[in-house]
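First comes the structure, then the notes that go with it.
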Protein chains: 2
Amino acid sequence: MALTQDQVVERAVDLMAEVGLEALTLRRLATELGVSAPTLYWHVRNKRELLDLMAEALITRAGRATSPAPGQPWWEWLAEQARLQWRALTSHRDAALVVAGNRPTDTALPGIEQVMASLVAVGFPPAEALRTILSIGNYVIGCAVERQAEAARDDPERDARLLQQAGDLPHLRAALAGLGGPGPSADDAGFEYGLALLIGGVRAHHAALAGAGAAT
Amino acid sequence: MALTQDQVVERAVDLMAEVGLEALTLRRLATELGVSAPTLYWHVRNKRELLDLMAEALITRAGRATSPAPGQPWWEWLAEQARLQWRALTSHRDAALVVAGNRPTDTALPGIEQVMASLVAVGFPPAEALRTILSIGNYVIGCAVERQAEAARDDPERDARLLQQAGDLPHLRAALAGLGGPGPSADDAGFEYGLALLIGGVRAHHAALAGAGAAT
DNA sequence: GTAGCGTCTCGAACAACGTTAGAGAACCTG
DNA sequence: CAGGTTCTCTAACGTTGTTCGAGACGCTAC
């Protein structure tokens, strides 16, 4: 049975989730597929293209965008879309690093269009809806990249040194005390906090738009 | 004259701004410094450490954090701090990719502390001030990473294909028409839009905090 | 039936990379 | 001048992405 490009990409995604991006070498991927390394070049132009295809696959795996459920406020639904993206980027190891290097691909466009439709339906001008979506996407990617960078460095000595230096800075110390230190799920809490800020800003802007529209 | 670590790092930062991260090889950096490649290992443990030091240097180059000017609203000042970061990450090529892979380093802590001080002074609890700062930082990094990924792919054929597909999606087409297409400074405009949303959310949250505090 | 042509895979090899080992200048210190 | 630290070198290793050219399989045409 002939190997297909889809098989190569899917196996690559799984292998990266297992061993990380740095250990994802073409020879290893080939071995995993029971094939010789140069064989991969028949299915893929080069590694760069393989990574692009992996990014597309990861986006697809994130799940289709939805429309707001009946009776659900649009801002809650919008936050849920962001969480969908967030989970897709954080559930697979190093997924953010691969997706970050990609422009909104062909596969992402229909999803963007659908989310835009719901935003336009509640009163956003198309241009503003698009920029809002892209801004939220950038925030999610930033959080995910930062989170994986943190995970890649489990350097206890470094953490200790950082914590000690933070002890000399009064506000920082107070904040860390209030947060109970950088715990395990601190990333998710931080993500949710910033997401709430962002969505809050979108709501405020939406209200201003409606007000201006009603006033004139 | 003996080579110092600072010279190595500074030259590395400049070289990367010139040729990009991928072309920043130890041999090339060594040649640039008039030195043999293994010599670098006397000044730096390995390439990973060199990149970490470069990230620190880039953060330092961004410029010191300020306090709000007298009479300046805190939210305008906060946005200005974000722009400072943004300019530092986008003025040097591939700077975002290097900084993104780094935890808030020792050098970044004093800056964070100073910004926190100003936020606490206007009524933010320390924990919320910290999370706000980190959220803004994540947004900035996400924007910068995305921007450089876009710059790395100046593939006209790809852009054309994307644009054509967008033409079939009504809302997307309307948005792009309103924005005048992906122009040269579209990134900056997009960054400013999301930043305004985020800061708006922070203001709204701050008002809610003050209201709750005054009510009880 | 066999000649020919796409499809798919392989072994061998290349240049370049990060990195290590070990030898040797140059410099202080006694 | 002896000894050790500081800094640099040449040589080389293993691994990576990638290319070349040869072959095996299946299909179609005459």
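Derivation of every value follows stated rules applied to the coordinates shown; laboratory data play no part. Remember, it's a predicted structure, so these values are computed and weren't measured experimentally. In this analysis, Cβ positions are derived from the backbone assuming ideal geometry, glycine residues included, and neighbour counts consider all displayed protein chains.
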How large are Rg and Dmax for the protein assembly as shown when only the alpha carbon atoms are used, in Å? 22.7, 73
Taking every alpha carbon pair in region B:99-168 and sorting the distances into 5 angstrom bins from 0 up to the bin holding the longest one, the percent per bin comes out as 3, 14, 16, 16, 13, 9, 8, 6, 8, 7, 1
FRET efficiency for A:Thr60 and A:Arg153 from the Cβ-Cβ distance with R0 = 30 Å, rounded to 0.05, comes out at 0.50
For all pairs of alpha-carbon atoms in region A:89-216, what percent lies in each bin of width 5 Å, listed from the first bin to the last filled one? 2, 8, 14, 16, 16, 13, 10, 8, 7, 4, 1, 0, 0
Checking a compactness column here: for chain B, what do you get for Rg(Cα) / (2.2 N^0.38 Å), N being the number of residues? 1.24
Against the empirical 2.2 N^0.38 Å scaling, what ratio does the C-alpha Rg of region A:4-96 come to? 1.34
May I ask you to list the trypsin sites (Lys or Arg not before Pro) in region B:96-167 that are in a DSSP loop and have at most 16 other Cβ atoms within 10 Å of their Cβ? B:Arg153
Tell me the net charge near B:Trp86. Cut-off is 13 Å between Cβ atoms, B:Trp86 excluded, with +1 for each Lys or Arg and -1 for each Asp or Glu. -2
Rounded to whole Å, give me the distance from the Cα center of region B:35-88 to that of region A:125-158. 19
³J(HN,Hα) across region A:75-91 via Karplus (A = 6.51, B = -1.76, C = 1.60, θ = phi - 60°), whole Hz, x for Gly/Pro? 6, 5, 5, 4, 4, 5, 4, 5, 5, 4, 4, 4, 5, 4, 7, 9, 6
Relative to the other copies, what are the label-point distances for A:Pro156, with labels 7 Å from Cα along the C-beta vector, expressed in nm at one decimal and sorted shortest first? 5.7
Per-copy distances of the A:Gly211 label point, shortest first, in nm (7 angstrom along Cα→Cβ): 1.2
Using a label point 7 Å beyond Cα on the Cα-Cβ vector, give me the inter-copy distances for B:Ala69 in nanometres, one decimal, shortest first. 5.0
Peptide B:111-117: average number of partner chain Cβ atoms within 10 Å per residue? 4
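Work out how much length A:Arg45 to A:Asp106 would gain on full extension: take 0.36 nm times their residue separation and subtract the Cα-Cα distance, in nm to one decimal. Could you put the intermediate results ahead of the total?
Details: separation 61, 0.36 × 61 = 21.96 nm, distance 1.86 nm.
Length difference between fully extended and current span is 20.1 nm.
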